[in-house]
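Take a look at the structure set out below.
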Amino acid sequence: MGAALAFLCTPVCRIRTVLFIRNGARLWAGVQERVYLFVRPVVALLQAIPPVSWMLLAILWLGVDGGAQTFVVAVALFPVFFFTSIQGIRQVPHELLEMAQVFRVSRSKQVRDIVLPALAPFWSAALTVNIGTGWKTIVMSELISGQTGIGAAMNTARIYLKTEEVMAWTLLVALLGMGLEGVVRKYTASGIGKTTLLRMAAGLGKPTAGTIHRSEEGRIGFVFQEPRLLPAKTVLENVKWVIEEKHDEAVHRRALHLLKEAELSSSLHDYPDQLSGGMRQRVAVVRAFVSLPELLFMDEPFQSLDAATRDEMHRLFLWLWQKERPTVMRVTHDREEALALGTRIIVLGGSPAKIMGEVSATATDHTGRPRFSEAAKARLKQMTVDTKLIQDEERYG
C-alpha cells in the first residue's frame with residue numbers, strides 16, 4: 001500500500017507547469033477542462049491531508065535522512081501553487097497570443113513576455129500567503145525526524161526538559177517567520193499597492209501623503225488572504241470571538257445560523273487544524289459577516305482555492321451579503337470574479353498604482369444582483385490588457 005501511494009504521490013511533487021500554444025490562442029493547462037477536472041480532486045486531496053500525516057508517510061517511504069522534510073514541504077505548498085497557476089493561466093490575454101501568432105513570435109518569447117507576466121501576480125500572492133505555512137512545516141518536520149535544524153534543537157530541549165530553551169527556540173521561529181514574510185511581501189508582491197491601499201482604508205496603516213476619510217463609528221469586517229483563525233479556539237468560538245457581546249443569545253443564534261448556511265454545522269467544535277483550506281476560509285467569511293459590518297474589506301480571500309471551492313465561496317459570499325448588504329471593498333486579480341461579485345470595478349495599473357479606468361453595473365437580474373453590459377465587459381477586458389502592457393514595460397523596459 002505504501003509503495004503504491006509513493007508511486008502516485010512522488011510524481012505529483014515533481015509536476016511542473018507545462019505550457020504550450022494550441023490553435024494560436026489556447027493554453028492547454030488552463031483550458032482543457034477535462035484534464036483539469038481529472039487532476040483537481042487529486043490535488044484537493046493532497047491539500048486536505050495534514051502535514052503531520054505526510055511527515056509520517058515520508059519517513060516510512062524515504063527514511064529519516066532520505067529527504068522527508070523536502071517532500072513534506074513540497075506536498076504542503078504544491079496545491080496552492082497549482083490552483084493559483086490555473087487561475088493565472090486563465091487570465092492570460094488571448095488577444096496578445098493571437099497577435100504573437102500572426103507575427104510568428106517564438107514560443108519562448110510568448111511565454112516570457114505574455115504568459116509569465118500574467119502568472120506573476122498569482123504566484124507572488126500564493127508565495128506571500130504560504131511562506132508562513134512552509135516555514136512552520138519545515139520546523140515541524142525537523143522536530144519529528146530531523147537530526148539538525150531548529151526543530152531538532154527544540155526536540156532535544158524537550159527531551160531534557162529545558163523549558164527555557166524550548167521557549168527561546170519558539171520565539172526565534174516566530175521572529176524568523178515574520179522576517180521571511182516581510183521579505184517576501186516586499187520583493188515578491190505584485191507591487192502596485194492594492195493590499196496597501198485596502199489596509200489603509202481599513203485603518204491598518206497610514207498614508208505617507210494624502211488623507212483617507214472614513215467614519216470611525218461604523219463597524220467594519222475584513223477577510224484576509226489567509227483565514228487568520230485562533231488555533232486554540234473552535235469554529236464557533238472563532239466566529240464569536242470578534243464580537244464583544246459574544247455571550248448574547250441573539251449573537252449565538254446568528255452565528256449558528258450563518259455557520260449552518262456555510263455548511264459548517266458539523267464542524268462547530270472542530271479546531272482550525274482539523275479543517276481543510278476551503279473550510280477555514282468559510283469560517284473567516286462567516287466571522288466577517290457575523291458582526292453585521294457596515295463596511296467589509298476583502299483582500300483576495302479566495303485566490304488559493306480550487307475552482308469548485310471558489311465557486312462555493314462566491315455563492316456563500318453573495319448569500320451573506322444580500323442579508324445586510326454592507327459596502328464591500330475587494331481586491332482581486334480575477335476579472336471574472338470581479339464581474340460576478342462587484343457592482344463597480346476600478347482597474348489599477350503601474351507601480352505605484354494609478355487608476356486605469358472603471359466600469360459599473362448597469363442592470364440587475366431577477367434576483368436583484370447587478371449585471372454588467374457587454375460593452376462594460378469589453379471595456380474592462382481592454383483595460384486589463386492595457387494594464388498588463390504597462391506592467392510589462394515597467395518590468396522589462
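The values are calculated or read from the model by the stated rules, or taken from the named source; none is laboratory data. Small disclaimer: the values here were computed from a predicted structure and weren't measured. No Cβ is skipped: glycine too gets one built from the backbone with ideal geometry, and neighbour counts run over all protein chains shown.
Before moving on, here are some points about what is shown:
- Matching option when the condition is surrounded by 15 or more Cβ atoms within 10 Å (Cβ to Cβ), within 25 Å of Ala284 (Cβ to Cβ) and modelled with pLDDT of 85 or more, among Val359, Val331: Val331
- Residue match in region 233-245 (condition: more than 23 Å from the chain's Cα centre (by Cα), under 26 Å from Phe83 (Cβ atoms) and free of Cβ contacts under 8 Å to residues at least 12 places away in the same chain): no
- So Asp306, is it within 20 Å of Phe83 (Cβ to Cβ) and among the acidic types (Asp, Glu): yes
- In region 362-397, residue farthest from Ala120 (Cα to Cα) [restricted to those that are polar (S, T, N, Q) and at pLDDT 60 or above]: Thr367
- All positions within region 228-265 that are surrounded by fewer than 20 Cβ atoms within 10 Å (Cβ to Cβ) and either within 30 Å of Thr196 (Cβ to Cβ) or not assigned by TED's automatic domain parsing to the domain that holds Trp319 (or both): Arg228, Leu230, Pro231, Lys233, Trp241, Val242, Ile243, Glu244
- Counted residues, region 313-328 - those being surrounded by fewer than 19 Cβ atoms within 10 Å (Cβ to Cβ), modelled with pLDDT under 90 and aliphatic (A, V, I, L, M): 1
- Residue tally, condition farther than 15 Å from Leu275 by Cβ and within 18 Å of the chain's Cα centre (by Cα), over region 46-74: 3
- Members of region 77-103 that are among the polar types (S, T, N, Q), within 22 Å of Asp311 (Cβ to Cβ) and assigned to a helix (DSSP H, G or I): Thr84, Ser85, Gln87
- Test: Thr170 is under 28 Å from Pro301 (Cα atoms) and among the hydroxyl-bearing types (Ser, Thr, Tyr): no
- Considering region 285-382, the qualifying strands (runs of 3 or more DSSP E), each wholly inside and each with 2 or more residues that are under 28 Å from Lys240 (Cβ atoms) and touching a Lys or Arg at 6+ places or on another chain (Cβ under 8 Å), run over 295-299.
- Some residue of region 87-110 being touching a residue at least 12 places away in the same chain (Cβ under 8 Å), aliphatic (A, V, I, L, M) and touching a Phe, Trp or Tyr at 6+ places or on another chain (Cβ under 7 Å): no
- Residue check, Gln281 among the polar types (S, T, N, Q), within 30 Å of Ser85 (Cβ to Cβ) and either surrounded by fewer than 20 Cβ atoms within 10 Å (Cβ to Cβ) or modelled with pLDDT of 85 or more (or both): yes
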